[in-house]
Every structure is written in structure tokens, then in C-alpha cells.
1. Which shape class applies to segment 162-319: rounded if a/c is under 1.5, otherwise prolate when a/b exceeds b/c and oblate if not, where a ≥ b ≥ c are the square roots of the Cα gyration tensor eigenvalues?
2. In a GNM of the chain with a 10 Å cut-off on Cα contacts, which of 209, 169, 378 has the highest mean-square fluctuation?
3. Taking the chain, how many lysine pairs are there with alpha carbons less than 17 Å apart, if each pair must be eight or more places apart or span two chains?
4. Restricting to bridges with both residues inside the chain, how much of the DSSP beta-bridge set is antiparallel, in percent to the nearest 5?
5. How high is the FRET efficiency between residue 392 and residue 196 when r is their beta carbon distance and R₀ equals 41 Å, given to the nearest 0.05?
6. Which shape class applies to segment 136-230: rounded if a/c is under 1.5, otherwise prolate when a/b exceeds b/c and oblate if not, where a ≥ b ≥ c are the square roots of the Cα gyration tensor eigenvalues?
7. Would the chain count as rounded, prolate or oblate if I go by the C-alpha gyration tensor, calling it rounded below 1.5 in a/c and otherwise prolate when a/b exceeds b/c, oblate otherwise?
8. Could you please rank 318, 155, placing first whichever residue has the fewest other Cβ atoms within 10 Å of its Cβ?
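None of the figures in this text is laboratory data; all of them are computed from the coordinates on show. Just so we're clear, the structure is a prediction, and the values are computed from it rather than from any experiment. Cβ placement follows ideal geometry from the backbone for every residue including glycine, while neighbour counts extend to all protein chains displayed.
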Amino acid sequence: MPSMLYLDAARMGRMAPTAQLALRDFVRVAGEEGCTLYFEQFLRDGFSAWPSHLQSRYPGLRSWAGLAELKAALAEFAGLPSDSPPLLAGRSANLAKLAARQLFRKGGTVLVTDLIWPSYADILQRTARKVKGQIEYFRIRARILRREISPRQLIETMMDRFLSKRCTGLMFPHVSHDGICLPATEIVRVFRQETSNSFIAIDGSQAVGQLPLRLSELPCDFYLAGCHKWLGSYLPLGVGFCPNEATQSEIQSACVKYLARGTLDDPLLAFLHGLETGKLRRFTETVNVSPLFALRGALQDHGPEEATYDLHHRRTAIAEMVARIGHMTGWSPLLPNEGFRSAAVLLQATCPEVRRWSTQVLRERFHELGIALTCYRGGILRLSAPSKPFTTHEAGMLINALALVQLRARQCSQRARLVYA
């Protein structure tokens, strides 16, 4: 039985069972076989390309059916046709760089919300400076958390700002790192109607594996994500989808161009492109391909679209329970309107002493009580709803931890005041 109640999938999800099997047997292959011709065939064509004696020796890799099949499975998982293969990169940040170059391909101004992941904001800023572009920041987080704006009002306000500032591009997260879910499909639909030529990039890092995806109904130009959070592959791997047929080939061509120039430095992305085209470079950097096998295993465990819907409903119901437990134990749930909610819940301490703690100290206090979660400044917790309902024991662990952390902080503060007096 796990020793921790794990509520931190929004930072790093637990590895899915089939992903574990795939990675275990890949490690065995690396140790017992090395990189032989058999392995090269396996990487390109899949488990069935192996001789029977290797298949029986390493059954955990059965989920791997080759690179083309992985990309087709990813497209299907995201609600796209199989002939819309995604880009796979060693780092999501490199796909964010590709998105930034496309957003600023003609200079101009890009509209960005204050919900964007900070490192992606830095990438946009650096790219804008290079091409003398502009970033228009749209601050909405506080208004959403204070319930001052509805999803419909948000879209109208974003559209007004976009038009008034004569923006040419838009980037926003599908689900922010602090759990705010934006109405991405509706935003893209309205922007496509009003500004058909604008380039739209969406950060889906917190959405993939958490929300059911139908990117065919969300025709943004670039949808970038990772696999190590809610999806459960654990090993970081960047994925970039191109849902808009009108710009798909443009993005793919730009990626190849930047790889050739060396301005997009991602060894895995370059290696996979060479493997697919048969144009592998003679001298290339050694790359780590293990995240590919973990991703395929995680996709297999996630099941069909209906299973993703059921999983999301379970998680959101559990998230509501977490918010109630937080309120009951003296924490303030930071809950936006229902249309903005996800399976991650923010709770803020009502105890002033806890609010003054560093994020590391706060996280350690919960870890000592058996709870794994993410902490932010000001005594804010982010708890990711698990895929299975709490047992009675787990619910008791959470109630006990939330109550004790603030109680002990108050007691320590009182003792300190008595000593000082």
C-alpha cells in the first residue's frame, strides 16, 4: 500500500502500470541486448518486428508498435484524424519555442493571459525582442478566482482586447498550472469567426490526461503539451499537435527548417524526424528514447474516449469533496465559477502563520503527515484529485493533515509569544 496520499498529479503524475512494464523491460533490453540491429527494427516497426525469442523475453514492451503507430494513437487520443501526426520532442519548452516563432512570424502583437506558465512567458518575451514584436498581457486570474467574470464575459473581453490592440496572435493555457480551466473550444471558435488569420497556440500541459480532448473541434494552430502529469507516463516528453489543417504543413515545415539551422535544438525531435524520413544524420547526438515507450504504455492504460470522460467526472467530483473538506478544516477554497473549474483545487490557509511560511516548509509539513501536494506563496495549496475515490482512511488522512497543519502553526506561534513575553 502506498505510504502517501498522492494529490500532486498536476506537477508529476504517478506512472501508469503499462508504462512501468514498458520501462522495466526497456531497461532490461538496454542491459542485456544493447543497441543491436534488432533494437533499431523494434524502434521503427514495433514489438512484432522482433524475433519470437525476444518477444517472450521482454513482454512488457508489447504495447510498442512503432513510431508511426504511436503518433496515430496520440492523434486518436486527442480527437484528431490519424493522418495528423504530432511532433514529439525531448522538452516541451522546445515546442514552446516553435510556437513562439510562429506566433511572431510576422512580428506584430501577441495577446497573452496572466495564466500562462512563467517559463513560456519568458520564451515569448525573448522571441518578441528578437523580432521587435509586442506582448499584450491580459490579466484575468484574480477576476476569475473572485468570481467577477463568467466564461462568456471572458471571451468577449479577450476579443475586445485583441481587436483594440490589433493583435495578430493569441496564446493561453487550456488549464492553468493553478487549476483554472478556460473555455478553449469556445474561445477558438469566436476568434476564428472574428480574426480568421490570427495564429492561436494553446498550452495543454495540464489538460492532456485530465480533460477529454477533441482537438478537431478546437482548431487552434498549435496545441503543445507534456505527458508526465495527468497522463501518467512520468518521463517528460513534449507533444505538439497541429489541429488546423490550414497551418499544419506550415508548422511542420518551420520545424524542419529550424532543426536544420540549429535554432531549434532538440536532439529527440531531430532524431525522430530523421528516422521517419530515412535521412538520419551521419553524426548525431545520442538521444533518450525511453519516454516514447512509457508514453505508449500510458496511452494504453488511459483507454477509449468514454473512459476519459468517466475519469474526468470522477476527478471533478472528488475535487468538489476536497474543497468541502478544506472548508470544514479551516481552509479557504479558491473556487472560480463552475465553468472555470478543473480537477485541481486551490486551498488557502486562514492561519496568518501558515501564510508566512515558505512553500518548501509548507510542503514538508504535509509530507510529514502523509500528503503529497503542491504549495504556493501565501499559504496556498494545490491538490490534484486522484482517479479513484478516497477510501475512508485516505479521507481521514486529508482531514487530519489539513486540520493539524494550521493548529500546530497557531500553537507554535502562541508558545513563541509567551516566551517572548
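1. oblate
2. Maximum among the listed residues: 378.
3. Total qualifying Lys-Lys pairs in the chain comes to 11.
4. That works out to approximately 50 percent antiparallel.
5. So the FRET efficiency works out to roughly 0.15.
6. Since a/c reaches 1.5 but b/c is at least a/b, the shape of segment 136-230 is classed as oblate.
7. oblate
8. If I rank by nearby Cβ atoms, fewest first, I get 155, 318.
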